[in-house]
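A short worksheet on the structure shown next.
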Amino acid sequence: MTNREVLKAKIAQPVPEGTIDLVLIEQGVLPDNQFDPSLEDDRKGMDLAQAGLIFWFCTNRKSVKELDFQFTQHDIDDLLKIRRVLLNRWGVPDELDTDSPTIESVSDLW
């Protein structure tokens, strides 16, 4: 399988081929080369490309519905967790991680 085909299979969502090629190239992975899962560089490039594609999904429309396919905010939160795991696997810092406090609940304020 080519790197492009592997990334399409991993994502399993409709994504323009140009976008797939772009995230692969940004990670130094050539889209038409054969994917070799026994090579650490291939696995790392594919994981980081998948993380890039997840970020692309999350920064597009917040609500997408097409026939039986739909993204919700809950799905985006889950996708960002998957992205964080992929980045952590290779020691890449997640630029979305903030050390600042976040408000989890305001129910105790009134």
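Based on protein heavy atoms only, region 22-62 ends up with 59 Å² per residue of surface accessible to a 1.4 Å probe.
Can you give the extra length, in nm with one decimal, that the chain gains between THR19 and ASP75 once fully stretched, where that is 0.36 nm per residue apart less the Cα-Cα distance? Don't skip to the end; give the middle numbers.
Working: separation 56, 0.36 × 56 = 20.16 nm, distance 2.04 nm.
Between THR19 and ASP75, full extension yields an extra 18.1 nm.
The values are calculated or read from the model by the stated rules, or taken from the named source; none is laboratory data. If you're wondering where the values come from, they're calculated on a predicted model, not measured in any experiment. Surface areas here come from the heavy atoms of the whole protein model, side chains and all, with no ligands, DNA or RNA. Shrake-Rupley method; radii C 1.70, N 1.55, O 1.52, S 1.80 Å.
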